[in-house]
Structure formats: C-alpha cells, structure tokens
Amino acid sequence: MKYSDLISGIFWLVIGLLFTIWSTHYQIGNLMRPGSGLLPLGLGILLILLSLIFLLGQAKKSFLENVKEPFFTKPGGWRKVAYAVLILILATFTFEKLGYLLTIFLLIVFLMLGAEFKSWKRIILAAFFTALGIYLVFVLLLEQPLPRGLLRY
Amino acid sequence: MDFISNLVLGFNVAFSATNLFFCFIGCLIGTLIGVLPGIGPVATISILLPGTFGMDPVASIILLCGVYYGAMYGGSTTSILVNIPGEAGSIITCLDGYQMARKGRAGPALGISAFGSFIGGTGSILGLMLMAPLLARLALKFGSPEYFALMVFGITMVTFLCMGSIIKGLMMAVAGLLISTIGQDPISGSTRFTLDRMTLMDGVGLVPVAMGVFGLGEILTNIEGVIKKDIFETKLKGLLPTLKDWADSKWPIVRGTLIGFFLGILPGSGTVIPTFISYAVEKRLSRHPEKFGTGVIEGVAAPETANNAATGGSLVTLLSLGIPANVVMAVLLGGFIIHGIQPGPLLITKHPSLFWGTIASMYIGNGMLLVLNLPLIGIWVKLLKIPYNILFPLILLFCFIGVYTLNNNIYEILIMIIFGVFGYLMRKFGFEGAPFMLAMVLGPMMEINFRQSLLFGDPFTFFKRPISATLLIFSLFLLITPLISTIARKRKQLEQLED
C-alpha cells in the first residue's frame, strides 16, 4: 500500500466517524418522518464504509506492488506552500486592523520575497501598484466596502 | 414562430450597449484566464461573482458565461505554443498542437482551433436553444423523487467519469454532501454542525470553497514545483488554415460538435472528457492513426471543437432543470442565486429575456472571440512570458479580496484557505475536486427532495415511479460495472496463474 493512501483512507474514516457520532446529537427520526440528523448519519456511515473498502482494497495491493514515489515534486517544495499559506492566514487576521491598503502591500511584498525576488525596488513598486490597482478597481469603480483600518483611504 | 420571436427578443436584449460590453469583457477575461495556466474558469467565475452583485442579472450571467466559453478559446493557445494546457479542456490539444508548432505550423493549428471553437460553440448554442425548452417542459412533470434520483444520477456520473479511482470519487462526493449539511437544516430550520459560529449558520459558502479547492489549491500545487515555460520561438504567420487543412478537419469538426454537445449535457462530463473522446474517435476513424501525436490537424480540430460544444451542452441541464452538470455550472448556479433567480423548468417562461438574451449573447460572443482571438494571439503569447512567480501573488490577492467582498467577512477568507490546503492535499493524494464540489452544491437540493419524497409516507417511492426508478437503477449499474470488470479481470489473472 502506498503511504499516502493509508493516510487519506484513515483521514476519511475519521471524518466519517466524526459526522456519524455528531449526527446522533440531532433528531434522527425514521424513514417515514426523517429528522435533521438522518441524512448526515447515513452519509457518515457511508463514508466509513467507503474508507474501509478503500483501505482494504489498498492493503491487498501491497502483496502485488510496493510503490515508492516522492510525495513532493521538488525537495523542499512544501516549504514554499507552507510559507504562502502562513502569509495568507496572517493577512486574513490583520486585514481589518491594518486596513486593505497596508495588508495588500505587505501581502504582495512577502509573497514576492517567498517567490525568490531579489530586487527590493521591484518588489516595492509591484506592491505599491497592486495596492493602487485594488483601490481603483474595487473601491472607486466597484464601490466595495473594504476595511480602511489604520489608513484613511 | 414563437421560436423566432423569442430569438429576436434575445438579440434585442443582447445587443443593448451594456450587455454587449459585458459580453465582450467576459470573453476577454475568459480568453485571458484560458491562456494563463494555473487559473481556470471556476476560480475566475467565483472571483467575479461578488462583483456582479450590484449588476443587472442578465448582464452578469452574460459576463459569466462569456468567461466560460472564452476560456475554451484561450486554452488552446498555451497547449499549442507552450505544450502546457492553459485549461483542462485543452490537455489533449497538446499532443498534436505542440507538434504542429514544432513543425512551423503553429499558425494553422491556432487558426483551426479558433474556427473549430466557433463552429462547435455556435452549433451547441443551437442545440441548447432547441433542447432546453423541451427538457424544461418534461421537467414540469417531475416531483421530488424524480429530482432526487436525477441528482443521485448526476453525482454518480461525476464519480464514474473521474479520471482516477471510482471509490476515491465516491468518497469525495459523500464528503461534499456532508459539508453541505453544515448550517441550517433546509426543512426544520434548526442548525447542524455549526460549532456556534455565525459564519457557518448559513452553511459553508460555495464561493470560498470553490475558490479554495480550484483556485488556491491549484496555485499551491503550482508553486511547489514552479511551472517551467518553454515558449516555442516561432514567427506566427499564416493563421488561416489551407484548403487541405479544411478538408482534413471538416468532419472532425462536425463530429467534435456533436460529441461535445451531447456529452456536455451528461452530468459530470465537463469539458475535458468530450475532448478525450473526440480525439479517440478521430484516431479510430482516421486512415492514418499512427500519425496522431506527430502533429496532424485533425488532432487539434476535433478536441478544440468538442470543448466549446460542451459549454452549450452543459448549460442545458442548468437552464432547464436547475441542475448543474459540472463544477463551472455549479458556480454559475451561485451567480443565478445571488440575483434571486432559481434556474429550473420555470426559468425560460419566467425570465425569457434572461434565457434568450444569454443565448443570443453566446452567438455574439463566439463571433467576437473569433475576431478577437486570431489578431490578438501575439499579445497572448507575450502574456505567457510573464513568469509565474509574478502571476501567482496577484492571483492569490484576487482570490483574497474576491472572497472578502462576498460578505465582508474575514472568516470566509479563512474557509477559502482551509479548502485551499484541502484542495492542494487532495491533488497530492490523487483525489478529484469535481465530485466533491458538485455534491456540495447539489446537497441541500438533494436533501429537500429526499425528505419531501419520504414524507409521502413510503420509503420505496423512489423505486415505484418509473423515471426515478430508471435513474436510480442506472446509477447503481454505473457503480457496479467497474466492480464486475475488476472481478472478471482478477478471475482471469487467477486462471492464467493456475494454467
């Protein structure tokens, strides 16, 4: 069995168990008078069954083949992904406090740094013009209420 | 006569200055994202959705449809010139398109794909125009059990047509249905699985999830192993295909239109499967099948026609039954709902200007794309030279701002990020997003119809009504077929071993 299949099988098994147990907190009813928990309960059980079938099917394969392939296409590639996700999460929580202009500026700066841009001049210019573009399109043209935060615009 | 007067109404609507403008913008954005790898129509339509909120409903649907079929035109450019499909519907075009470019015939390849797209696109609109009203009339006779069965059939088809394993597809579909139960119970109004969070009271939003799984998830996959683009430096000249090219491509284009349209109607087939099937059909019918993959024009004409024809086909079930046939249609359904329009059998009679206006705009849009695409290919090629590490921060930013403007809620951005990571891991673990997304969209409708059917007092009602019984049996058949073929294959292997 591939290691990744084992992990994903167990993941869905746990999700199935979670929803199955959780659904029992709601009214289940019966097939003539279904309550709000009936469908999630049925789906949870179905997911458990499917995960078990999947895991068993993969376990059988292990006798036939033992596949070893790299999980990440590039060594260290996951670091770039984790970095981008972290920057996005930070931007989400600072968005309303710092305001859209500052957050967008910093978001672009950090993402471009992560994308291995060396020239600071380019990074600052790109971040500035992106923030300006967002202001022109979303605030002036589409009149979207973006959070202003620290700055007045 | 009704038909002609409806079409005249449609063209009157579509030719208004605003609608023409939005049709043009939609086509332009569509071509742009079609050209750019790493962002497809699902993410783009999701990003644009909040922006269309203040717009006239007809104009916004015209714009969003334009993005969809525009992307099919643009997708071919990257496949032919860079050997990277700009859009999933153009994967197969790489095989012969890129080889044609290497032989110095990039011009005719791009030309025939634009003409084929136009013919396939307009042909499928004709089909849509004829079939949607017929299907809508039939659907008026549908009750809850039929609708439920139809949705089960749709989800089963998506998992059946998955590129990977069916069991994985089924797991994703069930997971999508489970996510759709978060929020208010559509019948009793009580809340489920919300963790007392206000954001989850209305359920997990379609747009943040779609943008996460298809937008952010795709970008994260791409930044892990940055896309290397090797643009084929060739002077583009002679975009018009020669007479021999036309003679070789005319039947592939006709067949591509039919295959694309009819497969597009089938729930779950999207725009990718019709391209693979039309390519396979051409290869089988060809007098020189061994030349496929070395740069034959039929290998470009057939799939490029089929993916555009599929766009018209996939609109049939959305506009006549209210059931999205693929993920793009699921997001488009969100566009209808934002404007308080429920697609379904009554759409054509209740909102004739919307239905016929959209159809007429698609004719105009396809014409615009043909005129736009050929002269602008030079600009699209220049765009392709923009490195991905400049593009992805901008795409991420658009996703970020787009989700926020939906409800001005930062927690929806967080939902997008969570589903983005989910989408990234899903790709890594070999799961597909389409069954998940479609099931999530259909979930609430399915639950309402399921529970209303049960309220008739007979749990077997689904099997007692002919239409729902047929659809459910067919779904079961689809699920069992691969199992039977696996068992048969295993038995054969065993027999061979024993021999």
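The values are calculated or read from the model by the stated rules, or taken from the named source; none is laboratory data. Here the structure is a predicted model, which means the values were calculated and not measured. Ideal geometry is used to build each Cβ from the backbone, glycine not excepted, and the neighbour counts take in all protein chains shown.
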Q) In segment B:385-395, how many residues are crowded, with 18+ Cβ neighbours inside 10 Å, among the aliphatic types (A, V, I, L, M) and in contact with a helix residue (DSSP H, G or I) (Cβ under 8 Å, 6 or more places away or on another chain)? A) 1
Q) Taking residue B:430 and the conditions (1) within 9 Å of chain A (Cβ to nearest Cβ); (2) in a helix (DSSP H, G or I); (3) within 22 Å of the chain's Cα centre (by Cα), which numbered condition does it fall short on, given that it satisfies the others? A) (2)
Q | Selected residue (only one of B:396, B:372 is more than 8 Å from every other protein chain (Cβ to nearest Cβ) and among the aliphatic types (A, V, I, L, M)) | A | B:372
Q.
Taking the condition of being among the hydrophobic types (A, V, I, L, M, F, W, C), assigned to a helix (DSSP H, G or I) and closer than 22 Å to residue A:82 by Cβ, how many residues in segment A:111-131 meet it?
A. 5
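Residue-wise test of (1) of a type in the set (Phe, Trp, Tyr); (2) assigned to a helix (DSSP H, G or I); (3) modelled with pLDDT of 85 or more.
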{"position": "B:305", "(1), (2), (3)": "no, yes, yes"}
{"position": "B:308", "(1), (2), (3)": "no, yes, yes"}
{"position": "B:318", "(1), (2), (3)": "no, yes, yes"}
{"position": "B:328", "(1), (2), (3)": "no, yes, yes"}
{"position": "B:333", "(1), (2), (3)": "no, yes, yes"}
{"position": "B:340", "(1), (2), (3)": "no, no, yes"}
{"position": "B:377", "(1), (2), (3)": "no, yes, no"}
Q) Do we have any residue at all in segment B:399-420 that's touching a residue at least 40 places away in the same chain (Cβ under 8 Å), at the interface with chain A (Cβ under 10 Å from one of its Cβ atoms), more than 30 Å from residue B:54 (Cβ to Cβ) and out of contact with any Cys (no Cβ under 6 Å at 6 or more places or on another chain)? A) no
Q.
residue A:19 - would you say it is modelled with pLDDT of 90 or more, within 10 Å of chain B (Cβ to nearest Cβ), under 25 Å from the mean Cα position of the chain (by Cα) and closer than 22 Å to residue B:487 by Cα?
A. no
Q. When segment B:138-156 is examined, which residues are found to be under 24 Å from residue B:456 (Cα atoms), in a helix (DSSP H, G or I) and not hydrophobic (A, V, I, L, M, F, W, C)?
A. B:144, B:145, B:146, B:147, B:154
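Here is a yes/no grid of residues against (1) more than 19 Å from the chain's Cα centre (by Cα); (2) modelled with pLDDT of 85 or more:
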site: B:49; (1), (2): no, no
site: B:61; (1), (2): no, yes
site: B:67; (1), (2): no, yes
site: B:76; (1), (2): no, yes
site: B:82; (1), (2): yes, no
site: B:85; (1), (2): no, no
site: B:88; (1), (2): no, no
site: B:99; (1), (2): yes, yes
site: B:106; (1), (2): yes, yes
Q: Return yes or no: is residue B:159 hydroxyl-bearing (Ser, Thr, Tyr), under 20 Å from residue B:422 (Cα atoms), within 12 Å of another protein chain (Cβ to nearest Cβ) and assigned to a loop (DSSP other than H, G, I, E, B)?
A: no
**Q.** Pairs with Cβ under 7 Å, 6+ apart, first in segment A:75-91 and within 9 Å of another protein chain (Cβ to nearest Cβ), second of a type in the set (D, E, K, R)
**A.** A:77/B:224; A:78/B:224; A:80/B:224; A:81/B:224
Q: Considering only residues that are crowded, with 19+ Cβ neighbours inside 10 Å and at the interface with chain B (Cβ under 9 Å from one of its Cβ atoms), look in segment A:128-153 and name the one that is nearest to residue A:94 (Cα to Cα).
A: A:146
**Q.** Per-region count, segment B:193-209, residues surrounded by fewer than 19 Cβ atoms within 10 Å (Cβ to Cβ) and more than 27 Å from the chain's Cα centre (by Cα)
**A.** 6
Q: Please identify the pairs in which a residue from segment B:83-112 that is surrounded by fewer than 21 Cβ atoms within 10 Å (Cβ to Cβ) and among the basic types (Lys, Arg) has its Cβ atom under 7 Å from the Cβ atom of a residue that is modelled with pLDDT under 85 and outside any helix (DSSP H, G or I), counting only partners at least 6 apart or on another chain.
A: B:102/B:232
Q | Selection within segment B:235-269 - outside any helix (DSSP H, G or I) and touching a residue at least 24 places away in the same chain (Cβ under 8 Å) | A | B:236, B:237, B:238, B:239, B:240, B:241, B:242, B:266, B:267, B:268, B:269
Q | Per-region count, segment B:405-415, residues modelled with pLDDT under 90 and either within 17 Å of residue A:87 (Cβ to Cβ) or outside any helix (DSSP H, G or I) (or both) | A | 1
